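Novice: For reference, the structure I am asking about is given below.
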Amino acid sequence: MLRIEHLSAAYAGEDVLRDVDLQMPEGGLLCVLGPSGGGKSTLLRVIAGLEPPRAGSVWLAGRDLAGVPPHERDVGLMFQDYVLFPHRDVGENVAFGLRMHGQRGVAIRRRVAELLELVGLPGAERRPVSQLSGGEQQRVALARALAPRPRLLMLDEPMGSLDRALRERLPDELQAIFRELGLSVIYVTHDQDEALSVADRVVLLDRGRLVADGTPEQLWTRPPSEWAARFLGFRNVAPGQLGEEGLRTPWGDLPASAVDPASSGAAGAVAVVLRAPTLVGDPAGPIRGRVAARRFRGDHVLLLVDVHGAPTLHVEAREADLPAVGEEIGLAVQPGGAYVIRDASALPSGT
Amino acid sequence: MDRHRPALTSPWALLLAVPPLAFLGLFFVWPVVNILALGIAPEGRPAPASVIETWLEPFVLDTLLFTLALAGLSTLLTLLLGLPAAWVFARFEFPAKRVLRALTVVPFVLPTVVVGSAFLALLGPRSPINAIAEALFGADVPQVRLDGSVAAILVAHVFYNLAVIIRLVGGMWAHLDPRTEEAARMLGATPWRTFREVTWPLLRPAVISAVSIVFLFTVTSFGVVLLLGGPRDTTLEVEIYRQTAILLDLPTAAALTILQMAGVLVVLLASARAQERLALQQRLRASAETARPPRSGRERALVAIILGATLAFMLTPLLILVERSLAAPAGYGLAAYAALLGDDPRMRLAAAPWQSVVDSLTYAAAATLIAGTLGLLAAVVVGYRRGWLARGLDALIMLPLGTSAVIVGFGFLVSLDTPPLDLRTSVLLIPIAHALIALPFVMRAVVPVIRAMDDRLREAAAMLGASPARTWREIDAPILARGALVGAGFAFAVSLGEFGATLFIARPDSVTIPVAIFRLLGQPGAANFATAMALAVVLMVLTATAVLLIERLRGGGPQPF
Amino acid sequence: MLRARITAAMLVTAGLLLAAASVAAQERTLTLMTHDSFYLPDSVIESFEAANDVELRLLPAGDAGSMVNQAILTADRPLADVLFGIDNTFLSRALAADIFEPYRSPALAFVPAELQLDPDGRVTPIDVGHVCLNLDRSAFEEGGLPAPTSLEDLADPALAGQLVVQNPATSSPGLAFLLATVAYFGEDPETGWRAYWADLRENDVTVATGWEEAYYGHFSGGAGEGDLPIVVSYASSPAAEVLFGEDPAADESATLAVDAGCFRQVEFAGILRGTEEPELAAALIDHLLSAEVQAELPLAMYVYPARSDVALPEAFELHALVPSAPLSLDPATIDAGRETWIREWTDIVLR
């Protein structure tokens, strides 16, 4: 339904999007994930028509959007800090798009009530927006964006300014709403947990380039690059050497059985990702280090292990008797626990 | 949003309000009341019946209607023509933006004699338009002439007041979050509906403030109407001048003055109320964040057209002055500028014209000191407090802008006549009168700065252990000082350009630039005319310099007026 | 503290200004209130100061009308010792307000009796001006327009649309010209001034607000930039054209005053009642009427000396007109009729 071809954009003389290609089918929730300044908001603004592309094209439902002004694109955008109209109350904010689309009177009132019900703010029509809490503002902004039934709804960091409790609860609610309405949604965030938990599909944007594209499971199990792996939250990432006899890492030499068969890596220079849960205590294990810190994480304890001459290793320990801080321990990697990425040097390096 | 504002307690507010109140009382209220009393109660007993009788005279109604219609139409035109320019200045970055924005203020402080002669040159029979038409189509082509018509007054009013719209409305516009407009576009609103439904309502407080000021200026417009209008075009202000200065019919003048001042007060109070009612809490953005270079070709063209047309309109009369100042018997030359230095008796000035530059700068410095000090005190009272004291002081300070200069001038004559306050022929009276007119500008420059101060700054200071007094000194005072400097710059520029009141004040042989220009224009001879124009160009350059300095000091803060 | 500093600064400034004012006040001074057009060469002012050991302060106070009104308003506490520049159109208002001390200068012996309009000697005639029609010489030469030789000629259709006059409500020469028509045509409803002005209106007369606008803006002769060849100005204007023109030694002025329908304006000086220096004030009146000052008046203010025994400068002899039969009206008649005439004139010409 949405097709983006060779899209480039510049802002204040600097390239913000570089040759982005992206296709999106009807329905579903696409998450655009990337660090701040990576071009995520610009991508949304170009799709919305608020920013002109420098090159490339955007197609929506078979229509080339070049030259189509924002208000005729049939695209909704929910801004990062919501940008509610300060001079209109909640109901008028939600009704705005409906009026723009020529609806009148009772139809508007019914739809506004329906939407406020949907976002969990029934009866809030006459409240002034200056009295809303952050979460309420977000709901009103969502209701306002949904009201004209856009073909494509885009959300720019919708959780950006909310407190933690809301951030954990709202993604599920949003997902439920989007499912119920069968909407096509692009969701922009810099938070990988949020992205992975809410999206059907995630694309990774780094300095204007699309560097990864897949379902959350695909990205999680097969991060396409060292940078992507780091950004998705893998902590134990380092360069290594893959050979017939096994995998050489800064933490120690691992047997070939430890390498994830799904790895894209081939013999030679690679990036190694050691998944934290697959690291188990083993006095005879190939990795030896000293516990530098312990952090309680509920269902597990995070051990930070210093290995001489290598990055600190993150280990999720679930055993009953845990090593003390300062204790020397040995670690083994369960079979398939090391994911290997080919030719790390050719890929964009992490931040 | 007021609850964090440090409370300015009543005794302190009253104390701070005393100097400005005393100044206005002595140099505005008392003289005006005295001269009105002479008109209303010539025998010591007020005769309200005669006032009402005057109001009911048909010529008063005619004059009132013409005045209101002229001011209303002028204001509307200024707003319509000023909004596109305000938009361009608020939303776009382009080369030399600061200089161009400063230039738009120059007309605002130019004396009417100067602008009048520029417009006579532009709109009269020998205008460049007619010269071109004649060159193209021969001598028989009908002439375009606007001098002596209502159209000429309207054009000059727009010329004078565009800066008010560009600065006040454009200033607000620059602080509006552009994404509010983008949100509307995303919801399907056309650019026009976005403006109507989103931008306009948010701009409205600024529009009302700007429109009320333009209305105030045009309703009391004197020189423009007299110089450019037809012989029948008489406004309240012109009629008050005639009744006072020419006919000495004080009862009629008093009745008209009361009518005018009452009307001005109504407009001031209505606009203050409307602004309070419409004021919205909204996230304001720094103006630097909301402006960007024009992007598409269409946008570039639009910006170029609006900017080009606005600047052509505002700068052509100024360029005409420059052209006339360079006119010499054979072609062009700097003879008129050389004449500024010499003391040609044919100029009929007491000293060489450059002396008026020195005098003007001296008076402006003194007026700035007075208006800056008193305006700062008044702004602190008006800015930190609400309620009757603040509102009353605000209206009182604005009122001299809406009062006929001849009434204040003649009021001085009948009031300040007892030593040690016999200031009637003192040079002190000029900076005092200028300060009276500059005070509103100082106050209006500082009050928004006070009101826009982010309370979170004060809270942060308090969290770090600052006492309220310390917070005031560390947080409020430095910000206030910058506002006061901006206000002082405006006071300086206003004083440089003030003409009407200065001409009415009895004074010995030192004259300000506008008065020297007026005297030179009143003397026969092309050389005197060119010298007057050269002096006008000097005034323009001084004004532009002052305004540019203000802009530098102001940075991105709230807009004055 | 800030306030204290500000207060101190204000006090210092006020002190300095007052000090400057009081230094100037130590010498004996005499103040001469004048209209804004007053001018005398420094030499004759200095000769008065030297002869009487006094400083002469000039106090310009607006146009003649405004000056007289200011003098009347401040009659209790006069602003000056002597007033110069009141003319016959405002004389009776000032006399009625009783603002002058009577004084008869010995030099009055050289002044024609017809100029001594106050029998009580409260004001002294100093100079005479004539408001006359001025012509653009070039427009009437070589078979051009027929040059007008009387007021009646202006109503001739041959001169339709050629005349610019000033509004008597706002202009002193405009009022003088209206008074000239009143004096010349009288009050008869059929043949009086009202009928004449109705004819002028028929003949497309142009009305300007003031002298500057009429002369520079509408008049085509001399320094004028307009296109009308007949203007109401002064008998001395052609001399001014030469003296202020490109060639002060030119043989012929580009303009010409018409010796018909000229109105005589007499300018008076008077001692203001309440002066503390009556002898010095009288000396100043004598000085203004001295042969020395009288001889300077023509080139200083473009007027004719009141004394008949003073020769005119060469430029005046060559270019200025001495009207053969100037019109005039009794000051009391003028004062009684002025407002009504102006209102009637406005109805006839402008409505």
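Novice: Could you tell me whether the range C:105-125 includes any residue that is under 20 Å from the mean Cα position of the chain (by Cα) and within 14 Å of chain B (Cβ to nearest Cβ)?
Specialist: no
Novice: Select the strands (runs of 3 or more DSSP E) contained entirely in the range C:1-90, then report the ones holding at least 1 residues which are within 8 Å of chain B (Cβ to nearest Cβ) and either closer than 30 Å to B:R242 by Cβ or at pLDDT 90 or above (or both).
Specialist: Qualifying strands (runs of 3 or more DSSP E): C:29-34, C:55-60.
Novice: Here are some residues: B:A301, B:A291. Which one is modelled with pLDDT of 80 or more and surrounded by fewer than 16 Cβ atoms within 10 Å (Cβ to Cβ)?
Specialist: None of the other options fit; the residue is B:A301.
Novice: I've got another one for you. Look through B:G402, B:G383, B:G387, B:G409 and report the one residue that is facing chain C (nearest Cβ under 10 Å) and either more than 30 Å from C:S43 (Cα to Cα) or touching a strand residue (DSSP E or B) at 6+ places or on another chain (Cβ under 6 Å) (or both).
Specialist: Residue meeting the stated conditions: B:G409.
Novice: Continuing with this model, one more query. For B:P20, indicate whether it is in contact with a Gly (Cβ under 7 Å, 6 or more places away or on another chain) and modelled with pLDDT of 85 or more.
Specialist: No, not satisfied.
Novice: Given the criterion closer than 30 Å to A:N93 by Cα, without any contact (Cβ under 8 Å) to a residue 24 or more places away in the chain and either out of contact with any His (no Cβ under 7 Å at 6 or more places or on another chain) or within 7 Å of another protein chain (Cβ to nearest Cβ) (or both), identify the matching residue among B:L168, B:L203, B:L187.
Specialist: Answer to the selection: B:L187.
Novice: Consider the range A:11-63. How many of its residues are among the acidic types (D, E) and in a strand (DSSP E or B)?
Specialist: So the answer is 4.
Novice: Are any residues in the range B:412-433 within 14 Å of chain C (Cβ to nearest Cβ) and in a helix (DSSP H, G or I), and if so, which ones?
Specialist: B:F412, B:L413, B:V414, B:S415, B:L429, B:I430, B:P431, B:I432
Novice: Which condition breaks for A:P239 when tested against (1) within 23 Å of A:R164 (Cα to Cα); (2) surrounded by fewer than 20 Cβ atoms within 10 Å (Cβ to Cβ); (3) touching a Pro at 6+ places or on another chain (Cβ under 8 Å)?
Specialist: For A:P239, the exception is condition (1).
Novice: Can we say A:V68 is free of Cβ contacts under 8 Å to residues at least 60 places away in the same chain, more than 9 Å from chain B (Cβ to nearest Cβ) and part of a loop (DSSP other than H, G, I, E, B)?
Specialist: Yes, satisfied.
Novice: Moving to a separate point now. Would you list the helices (runs of 4 or more DSSP H) that sit entirely within the range B:151-226 and hold 2 or more residues that are touching a Pro at 6+ places or on another chain (Cβ under 7 Å) and at negative phi?
Specialist: B:178-186
Novice: Would you check which residues across the range C:171-228 are within 14 Å of another protein chain (Cβ to nearest Cβ) and of a type in the set (K, R) and list them?
Specialist: Passing the criteria: only C:R201.
Novice: Closer than 28 Å to C:L56 by Cβ, in a loop (DSSP other than H, G, I, E, B) and either within 14 Å of another protein chain (Cβ to nearest Cβ) or of a type in the set (S, T, N, Q) (or both): is that true of C:S253 in this structure?
Specialist: no
Novice: While we're on this one: Within the range B:33-51, work out how many residues are of a type in the set (S, T, N, Q) and either over 31 Å from the mean Cα position of the chain (by Cα) or outside any helix (DSSP H, G or I) (or both).
Specialist: Here the count works out to 1.
Novice: OK, next. Where in the range C:133-210 are the helices (runs of 4 or more DSSP H), entirely inside, with at least 1 residues that are among the acidic types (D, E) and loosely packed, with under 15 Cβ neighbours inside 10 Å?
Specialist: Qualifying helices (runs of 4 or more DSSP H): C:193-202.
Novice: Hey, among the residues in the range B:127-157 that are in contact with a Phe, Trp or Tyr (Cβ under 9 Å, 6 or more places away or on another chain), buried (at least 24 other Cβ atoms within 10 Å of the Cβ) and of a type in the set (A, V, I, L, M), which one's modelled with the lowest pLDDT?
Specialist: It comes out as B:A152.
Novice: Please state which one of C:F263, C:F244 is facing another protein chain (nearest Cβ under 9 Å), touching a Pro at 6+ places or on another chain (Cβ under 7 Å) and either among the hydrophobic types (A, V, I, L, M, F, W, C) or under 30 Å from C:E101 (Cβ atoms) (or both).
Specialist: Of the residues listed, the single one that is facing another protein chain (nearest Cβ under 9 Å), touching a Pro at 6+ places or on another chain (Cβ under 7 Å) and either among the hydrophobic types (A, V, I, L, M, F, W, C) or under 30 Å from C:E101 (Cβ atoms) (or both) is C:F244.
Novice: Same structure again: Tell me which helices (runs of 4 or more DSSP H) are completely within the range B:478-561 and hold 2 or more residues being under 28 Å from B:A86 (Cα atoms), modelled with pLDDT of 85 or more and more than 14 Å from every other protein chain (Cβ to nearest Cβ), or say none if there are none.
Specialist: The qualifying helices (runs of 4 or more DSSP H) are B:526-554.
Novice: I'd like to know if the range A:102-113 contains one or more residues that are under 20 Å from A:R73 (Cβ atoms), out of contact with any strand residue (DSSP E or B) (no Cβ under 8 Å at 6 or more places or on another chain), modelled with pLDDT under 90 and not polar (S, T, N, Q).
Specialist: Looking through the range A:102-113, at least one residue is under 20 Å from A:R73 (Cβ atoms), out of contact with any strand residue (DSSP E or B) (no Cβ under 8 Å at 6 or more places or on another chain), modelled with pLDDT under 90 and not polar (S, T, N, Q).
Novice: Scan the range A:157-187 for residues that are in a helix (DSSP H, G or I) and either modelled with pLDDT under 75 or not β-branched (V, I, T) (or both) and report the count.
Specialist: 17
Novice: Same structure, new question: Of all residues in the range B:230-251, count the ones that are within 11 Å of chain C (Cβ to nearest Cβ) and part of a helix (DSSP H, G or I).
Specialist: Summing the residues that are within 11 Å of chain C (Cβ to nearest Cβ) and part of a helix (DSSP H, G or I) in the range B:230-251 gives 9.
Novice: For the range B:9-41, which residues satisfy the criterion of being surrounded by fewer than 20 Cβ atoms within 10 Å (Cβ to Cβ), over 20 Å from B:I437 (Cβ atoms) and either within 12 Å of chain C (Cβ to nearest Cβ) or among the charged types (D, E, K, R) (or both)?
Specialist: Once the filter is applied, which keeps residues that are surrounded by fewer than 20 Cβ atoms within 10 Å (Cβ to Cβ), over 20 Å from B:I437 (Cβ atoms) and either within 12 Å of chain C (Cβ to nearest Cβ) or among the charged types (D, E, K, R) (or both), the range B:9-41 yields B:W12, B:L15, B:V18, B:L38.
Novice: Based on what the data block shows, is A:V32 farther than 24 Å from A:I177 by Cβ and crowded, with 18+ Cβ neighbours inside 10 Å?
Specialist: No.
Novice: In this structure, does B:L284 turn out to be modelled with pLDDT under 85, within 14 Å of chain A (Cβ to nearest Cβ) and not in a helix (DSSP H, G or I)?
Specialist: yes
The values are calculated or read from the model by the stated rules, or taken from the named source; none is laboratory data. The structure displayed is predicted, hence computed values, not measured ones. With ideal geometry, Cβ positions are generated from the backbone for all residues, glycine too; neighbour counts draw on all protein chains shown.
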